[in-house]
Every structure is written in C-alpha cells, then in structure tokens.
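Okay, so here's the structure we're looking at.
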Amino acid sequence: MNGWKFHAGDNLNWAKTDFNDTPWNTINPAIDIHNLSEIPKTSISWLRLHFYSGDSSDQKMSMLMQQSVASEIYLDDSLIYRFGTLSGNATEVAAYDPLWEPLQIPIKKNAYHVLAIRFQAQPNIFYTAIFETANPLLWIKVMGSHNAFEYYQEKARLINNLELIPLGIYLMMFILHMAFYLVYPSQKANLFFGIYAFSAIIGGTLQLVLFMFNHTVAHKFYLANSSLLFFFLCDLCIFTALNYLLQRVWDFTYKASIILLIAAIIFSASIYPSGWKLGQIVHLLIYVNIIRIAFSSVFKRKKGAWIIAIGGISSIVFFIVFILKGPLPGTSSFDSQDALRTAIFMMFILSLPASVSLFLALDFAFTNRTLKEKLHEVNELSQKNIIQEREKQQLLSSHNDMLEKQVAERTSKLKQSLENLQSTQSQLIQSEKMASLGELTAGIAHEIQNPLNFVNNFSEVNKELLAEMKDEIKKGNIDEVSAIADNVINNEEKINQHGKRADAIVKGMLQHTRSSAGLKEPTDINVLVDEYLRLAYHGLRAKDKDFNTDIKTDFDKSIDNINIIPQDIGRVLLNLYNNAFYAVTEKKKIAEVGYEPTISVSTMKSDSKITIIVKDNGNGIPEQIVDKIFQPFFTTKPTGQGTGLGLSLSYDIVKAHGGEIKVNTKEGEYTEFVILLLIKV
C-alpha cells in the first residue's frame, strides 16, 4: 500500500492520468480510519497511486478490496467501479464495503497506470473492532484473476468452516438437549444448555453475516455487538447449566459474573478499538471460575466433574494460543485468515460445551443403570411379599394370638414396599420414554447422514473438477473447461438439493420429537406411519449393524388427514415396530436356513375408520399369554431387555383417541397388531 497520495477536496480532473499530484501528501490508506486525522469527516477527498504493470501482468488482473467509505474507482481516466453513495448532502452518503470479492481491472503489459479513488466517509456512524474487524480507509490486493479467485475461495472457505461447522454442532446440541429437557424436565441443566446452543447459533449466524454478506459499513457495528451479546449470553447459560449439574449453591460469583457481562457489553460497544477485548477478559474469568467449580466438585467426588475441568482448561489454552497467533498489523480481516488459526478457534469454542454434553451423557447413563437396579429390587420385593403372604396363612391356622401382632408389623413393611414400587413404576415409565427418544435420535442421525454424505461427496468431486479445470485453462482448451464448468454447476445443484433435504428432515424430526401438548391436529397418517417405520429401523441399525429385515408397505392413498395427537400415535407405532423387529430377530437366531425376516405395514380406510396393521413373521405369541400382553409390566422379553410398559402405554393412548388396538397371532408363524382409529368429520 506504499506510494499513495492524498488530497482533500473534489475535482474530477484529479482522475486524469496526466494530472500532477506531486504536491499531494503521502498516506497509507490501509491503516484504521480512526488513525487518519487528515481525512475529512463529511467532505469528498481523493487518493492517487502510480504503478508500473511490468511483464508479469496481463489484461486479466483482479483486485481484492476492503474499505470503510463510499468510493468511485478510476483507472487511467475511466470510472471502473462505484461503491456506495457519494453526495454533497451528508445525509445521503452511504459507505459500502466490497468484502474482498475479486474485481477485474483492465491492466496492460509494460505500462504505467494511475489508480484514482474518489471517496467520502459516512458521517455519524459507529465503527467496531469486535472479532478483530478491521476498518481501513482502503485496502487493496492486486493479482491475476485466476489467482484472485482461488485466493478468495480459500479464505472464504476458511471463514465458512469457522462458522458453519460449529453452527451444525450447536444445532445438534440444541435438538438433543431440548428433547432431553422436554422428556425429563427435572434436569434443568438440559434447558440452559439448549438455550446456550440456540444463542450460539444466533451469534454465529450474525458473525457469518458480518464477515461474508454485509456490505453496509453502518450495519457492522450493530451486527458485531449483537453477535457478541449472544456469545456473552452463552457464557451465562453454560455457567448456569453447570451450577444445576454440579448442584452448586448460587454464590456471589454467579451474580458477579452477570454484572461483569453487562459491563463487558457496554465496554465493547463504547470503547474503540479495545473495548471488546475487555469483554474477552470477562469471558476468561468466567471460564476460570467454571474450572474452579469443576475442581471443587472433583474433590467432593462428584461423578464426571473432571471432564468439565479438562474441557474448561482446554478451552482457555486454545483461546490463549488463538490470541497469540493474532493477525499481523496492516493485514485485513480477510487476509489474516489461515487454516491453523481457524482450527484453534473451533477447538476453543467447542471444548467446554463438548465436555458438558459428555458429562450429561454419562449422567443419563448412570440414571438408566440406577433404574435397572431399582427394577431388580422391585422383583425381589415382590417375591418377598409372596413369601410373607404364605407365612401369614400358616400363622392364621396355628397361632391366632401371635398372628395379629405379626400381621401389623409386616403390613407396615408391605405398605412401605408398595410405596417404593409406585415410585419405581413412575421412573420406569420415564425410562421407557427416554429409550424411545434414544431410538428416535438414532433414526434422525441416520436420516441426516444420508444427504450430508451426498453433500460431502459432490463437494470432493467439485474440488477434483476445479483442479482439472485449472489444467485445462492452462492448456487453453475452452470446450473442455466449459464442459467441466457444466459438471460443477450440476453438482452444486445436487448439493443444494440434498442440503434442502437435510433441512426438511430436521424440521420434520423436530415436529415428531416435540413433547405432546395434548392437542389433536390434522395429520397425514400414511406419512406418520412411514416416518416412524424408518426411524425405528434406522434406530435399531445404529445399535446393531448386522440387523436387517425385509420391509413391505401398502398404504391406502385415499386416506385424508385425520385429527390425532401425532406424537402420541407415533409412540404407539414405535413400540409396535420395535416389538416386530425384535420378534423376527429372535426367530432368525433359531430358524432354519431360508427364513427371511419380514415386516409388513399397511393402512386402509373403511366407512368411518382408519385401520393400521403391523405384521411380522416372527415366533408369534403363545395362546395362554395373549390376554396378558396389554397389562402393565408384563413382558415376554428376557430380564433387562423389556419393561413391560410399551404395549400398556400404547393401549392407553389408542383408547384415549376413541379407538382400539387388537392382536392376531399364531404361535411359531406370525403376530399382527391392528389399530382402529375413528374418522371425525
């Protein structure tokens, strides 16, 4: 950026090549606009630069540009670009930032050129240095058009990775933790961690808009401060979540953190350019306090607290390394991006939330194990109760006087046992819901993975095609370049198609995993039956890669939407599907060669009813226990594999809809469940 000349005032003759600008002052326009006191705050000024193109230049040159003003760019007497609005009326001036997009400039070989910039600063706007945002008067980098495009693509890809990869991770965290909270609301840490992930999504999105899509200079201040506000909210949410997780007392450090965050927000917006760095100090203090709390919990033998401590330490270490590898003075925000620093930043923002998610997962696993132990205790208590009843009968026949005293004592114990049983039953129902949610989560992951694989594969193909295009460009083979470009366009269309598919899957799964509010709504029963069938199948496939079965469907397309609670009917379908898959899997273990596990699902409409049939060719249900399968806690599965609640809950849900559920079975051949739902006009 050496060799620039500056002069305040406005004269279009200053754009001419032969104008003598020797008396003009020299200036470095790449430094921060706040440090250029000679720049008028409202009036128009000019910059001029003389340069020699040399032998290496050709007519296909481009420049990458960042600015904090409105400008008109002249090359050799000709206006080639205009960015923003220059005006004698200060209220009409609008500063515009091209954001480093390659701009072609017609430069001749071995020739002297004059680049003249007519510019004007927009009055009464705020600037920000948040996220290392640079505010140069003018920053220009000139190179060959092909190299400029590659350079822009490389830097843009780094910025996109810096934002989009964490956004995808935060979205998964938000879905999972909010789903856990809706199913298990007593664990409020999931709620605050879900709010943390949602705030991070908004903050990251605003940051991406700031870096890559916002050209209006006046908007940068508000975008940057809004993004930072949401990131500060993330700090508060994760601090709150950890207090719930580790069962901490809400001491003065929590209130102090809130006060410090409010002060950091004010400093970031009001002190230029270092105010936001004070906010980062507050961020570090909160993370240090989190580490202190985690170590305190480790000393108190709190399970898994060491995971949070490691995550907090890792986050601080990566943050310090990120700051130490800060941008070089005089470089633009775009020019300073590199792959290593991008990777370090992602490790910094993801270390602590990842450790918290792992801690919650371990806590959830421990809760499930505790529930199983309590179920075993219930079985033992039931056996003891039976023995006690037999003893009472014997005592009644031989010791009437002694019986009254023993009955009173043992009745008291029995009452306590029944209270424990009722408490355990409630926990088992909750466990059943969580197990269903886990299977839905596995299905969701598989459904999303498929379009993401397409996106990744086509992206790799495009990378190879672009490399091939570079070779063909060097050879001058225009026809082959055009053909490769067509292939790249087709692949981009496919990437867009599968990206929209992933978006539709996430929205659909959010609807089905949402906790039921007890309100009926018009629902396409065929879509509901098919979606839960795929989720159940992929959920089992996620747990057992060897699992496989033939699935046949026959849906009556004449069925219109009916009023049901889709989440509740979905839970019924999920239970029936899981039982069917279990039945064919167990039969395959003992069946002769040639047996093909098959699940058939069909729907049909007749008169005022909708019929849903789920049939499997498993071992069937013995005749002597068919009448018991809808009873609570009755299961044919081995101990530890079933709670006996699935069919009982399904029976209650269907009855609550005014319908009925029946079973047809033949031992050794098949089982068929039939759901009848009324159509209400």
Please pick out the residue among I316, I286, I307, I290 that is under 29 Å from F126 (Cβ atoms), in contact with a Phe, Trp or Tyr (Cβ under 8 Å, 6 or more places away or on another chain), among the β-branched types (V, I, T) and open to solvent by less than 50 Å² (accessible area, probe 1.4 Å).
I286
May I ask you to list the residues in segment 128-159 that are of a type in the set (F, W, Y) and over 27 Å from L79 (Cβ atoms)?
F131
Which condition from (1) in contact (Cβ under 8 Å) with a residue 40 or more places away in the chain; (2) assigned to a helix (DSSP H, G or I) is the one that A256 breaks?
(1)
Condition met for I629 (more than 39 Å from the chain's Cα centre (by Cα), over 20 Å from A536 (Cα atoms) and modelled with pLDDT of 85 or more):
no
Tell me which residues, restricted to segment 540-590, are farther than 18 Å from S600 by Cβ, small (G, A, S) and either in contact (Cβ under 8 Å) with a residue 60 or more places away in the chain or part of a helix (DSSP H, G or I) (or both).
A542, G570
Looking only at segment 362-379, which residues are modelled with pLDDT of 75 or more and of a type in the set (A, V, I, L, M, F, W, C)?
none
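Matching residues to (1) open to solvent by 60 Å² or more (accessible area, probe 1.4 Å); (2) under 16 Å from G668 (Cβ atoms); (3) in contact with a strand residue (DSSP E or B) (Cβ under 7 Å, 6 or more places away or on another chain):
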site	(1), (2), (3)
D556	no, no, yes
D560	yes, no, no
R571	yes, no, no
N579	no, no, no
K587	no, yes, no
Being buried (at least 16 other Cβ atoms within 10 Å of the Cβ), at pLDDT below 70 and out of contact with any Leu (no Cβ under 6 Å at 6 or more places or on another chain) is the filter here, so list the residues in segment 507-540 that pass it.
M509, H512
Applying the selection to segment 645-681, what residues are open to solvent by less than 70 Å² (accessible area, probe 1.4 Å) and among the aromatic types (F, W, Y)?
Y670, F673
Quick one: which of D235, D251 is over 23 Å from D97 (Cα atoms), charged (D, E, K, R) and touching a His at 6+ places or on another chain (Cβ under 9 Å)?
D235
Tally, over segment 162-191, of residues that are open to solvent by less than 50 Å² (accessible area, probe 1.4 Å) and not small (G, A, S)
14
Would you please name the residue that is farthest from L47 (Cα to Cα), looking only at residues in segment 107-134 that are basic (K, R) and loosely packed, with under 14 Cβ neighbours inside 10 Å?
K109
In segment 60-155, which strands (runs of 3 or more DSSP E) lie fully inside it and hold 3 or more residues that are without any contact (Cβ under 8 Å) to a residue 40 or more places away in the chain?
78-83
Go through segment 21-76 residue by residue and tally those that are surrounded by 15 or more Cβ atoms within 10 Å (Cβ to Cβ), more than 30 Å from F211 (Cβ to Cβ) and charged (D, E, K, R).
3
Residue among L208, L228 that is touching a helix residue (DSSP H, G or I) at 6+ places or on another chain (Cβ under 7 Å), modelled with pLDDT under 90, surrounded by 22 or more Cβ atoms within 10 Å (Cβ to Cβ) and of a type in the set (A, V, I, L, M):
L228
So T331 clears everything in (1) touching a helix residue (DSSP H, G or I) at 6+ places or on another chain (Cβ under 8 Å); (2) at pLDDT below 75 except one condition, right? Which one?
(1)
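The values are calculated or read from the model by the stated rules, or taken from the named source; none is laboratory data. Model, not experiment: these values are computed from the prediction. Glycine gets a Cβ as well: all are built from the backbone with ideal geometry, and neighbour counts include every protein chain shown. These accessible areas exclude ligands, DNA and RNA; they are computed on the full protein's heavy atoms, side chains included. Shrake-Rupley method; radii C 1.70, N 1.55, O 1.52, S 1.80 Å.
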